[in-house]
1. Could you say whether any residue in segment 53-61 is modelled with pLDDT of 90 or more and closer than 24 Å to residue 150 by Cβ?
2. In this structure, is residue 207 among the charged types (D, E, K, R), in contact (Cβ under 8 Å) with a residue 40 or more places away in the chain and either out of contact with any Phe, Trp or Tyr (no Cβ under 9 Å at 6 or more places or on another chain) or open to solvent by less than 50 Å² (accessible area, probe 1.4 Å) (or both)?
3. Is there a residue in segment 323-330 that is open to solvent by 30 Å² or more (accessible area, probe 1.4 Å) and over 20 Å from residue 211 (Cα atoms)?
4. Does residue 9 meet the test of being among the aromatic types (Phe, Trp, Tyr), out of contact with any Asp or Glu (no Cβ under 6 Å at 6 or more places or on another chain) and modelled with pLDDT under 60?
5. Between a first residue in segment 340-359 that is of a type in the set (Lys, Arg) and a second residue that is surrounded by 18 or more Cβ atoms within 10 Å (Cβ to Cβ) and in a loop (DSSP other than H, G, I, E, B), which pairs have beta carbons less than 9 Å apart while being 6 or more apart in sequence or on different chains?
6. For segment 234-256, enumerate the residues that are in a loop (DSSP other than H, G, I, E, B) and within 21 Å of residue 218 (Cβ to Cβ).
7. In the list 303, 320, 349, which residue meets the criterion of being among the hydrophobic types (A, V, I, L, M, F, W, C) and closer than 27 Å to residue 200 by Cα?
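The values are calculated or read from the model by the stated rules, or taken from the named source; none is laboratory data. Bear in mind that the values here come from a model prediction, so they are computed numbers and not experimental data. Ideal geometry is used to build each Cβ from the backbone, glycine not excepted, and the neighbour counts take in all protein chains shown. The accessibility values were calculated without ligands, DNA or RNA, using every heavy atom of the protein model including side chains. Shrake-Rupley method; radii C 1.70, N 1.55, O 1.52, S 1.80 Å.
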Amino acid sequence: MTGTKATTWTMLRGAGLAIAVGLAGVTAVQGSQCLDGSDDDCLQCASEAANPWCGGSDDPATEMSCTPFHYRPMSFNNVQGTDEWCGFSDGDIFKTLAYDDTTDDQGNATPWPYPGVRAWAAQFNGDCSQAGGNSDYWVFHACDGAGIQGGDCKGDIKYVERFGFTYDGDMEDAGICTPDGQGGGYDDRMYCKFVHPGTHKVYDDYKSGWTGSTNDNEDTFWAAKGLPTAEQAFLSAANGGWDPDSALMQTLSTFSDWAYGWNGGKHPYTWTGKWFSFPMFAWRADYISDDHDNNKLSYPTIAENGWKVYADNEPGDTGAPPEVDFILGGLTWDDGTPKLVFDMWRSDADGNMWKLNDEV
């Protein structure tokens, strides 16, 4: 499709924080992540905080950094020797994407709930006490510890989430997952509705991913130099790059031409000067074993022991995930207020792609 309809995100609070440490391009701690020295099916993460738990209120705004589980080990920060105040230089896009620099009347920093997280919404009503009151909102994380993944204990840096429509029912201990009466799975993959660890609200439409893969060389279709790029994220930590011969990778190989030929094959938001991209994935669960005797890396999506839950970037038998959302965005400003403009595309198991903006 070649439509030019765009969506705009407006930030819910703050306008950027100028602080010190640069972590561009880093997406996970290197080496073994499991406490027992293994690389997958972790019972517990290595280098966890003294108190590796979060949650406790039913306010979605207060609990923005408590995701995707109650268990938040802060592994990346502990290994790197940093904390949620880690930040970037004035020119870094993450200063705006994922930092709350709200101050009080005396100019003292009063980030809420954490400095390394920021919510954006497409239908902004200004009511921060209700996370903007939006049915669809996005949360960008930097170094607040959000994003740890079931299985390999990686991903708790530069996590990004999209919260869509909620589910009318309550959470269930066994999870609300495919294919058991909740829709069809694919390639033996089990997908679940997301349960927010703070509020226990169930989301029927949830996607997540990372913005930590950056374009470090020169401007490309996918991103301006130094900004997040989807092109470096067509892979999983466990199984490496997606198969270049897969249907999805073949479609992506000519994506700029057939999707944006009307723009000379260029990213639709090069005009902002800060164009970028990243993929987002469905919320998947795998059963490990009866010996897996805790639910640290599945609760509250699945409360029963023995499971791992994670954003599904695994190639699998078909060489690429069966569904991926591709976000092509740009950062712009309107009367001093930062705004994100973006196109969102979705792929299916046959490698087809369509532009979701044209459906709303």
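1. Yes, that holds for at least one residue.
2. yes
3. no
4. In short, yes.
5. 346/323
6. Matches in segment 234-256: 234, 254.
7. 303
Matching residues to (1) open to solvent by 30 Å² or more (accessible area, probe 1.4 Å); (2) of a type outside the set (Asp, Glu); (3) touching a Gly at 6+ places or on another chain (Cβ under 9 Å); (4) not in a strand (DSSP E or B):
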{"position": "48", "(1), (2), (3), (4)": "yes, no, no, yes"}
{"position": "63", "(1), (2), (3), (4)": "no, no, yes, yes"}
{"position": "66", "(1), (2), (3), (4)": "no, yes, yes, yes"}
{"position": "69", "(1), (2), (3), (4)": "no, yes, yes, yes"}
{"position": "79", "(1), (2), (3), (4)": "yes, yes, yes, yes"}
{"position": "85", "(1), (2), (3), (4)": "yes, yes, yes, yes"}
{"position": "100", "(1), (2), (3), (4)": "no, no, yes, yes"}
{"position": "107", "(1), (2), (3), (4)": "yes, yes, no, yes"}
{"position": "119", "(1), (2), (3), (4)": "no, yes, yes, no"}
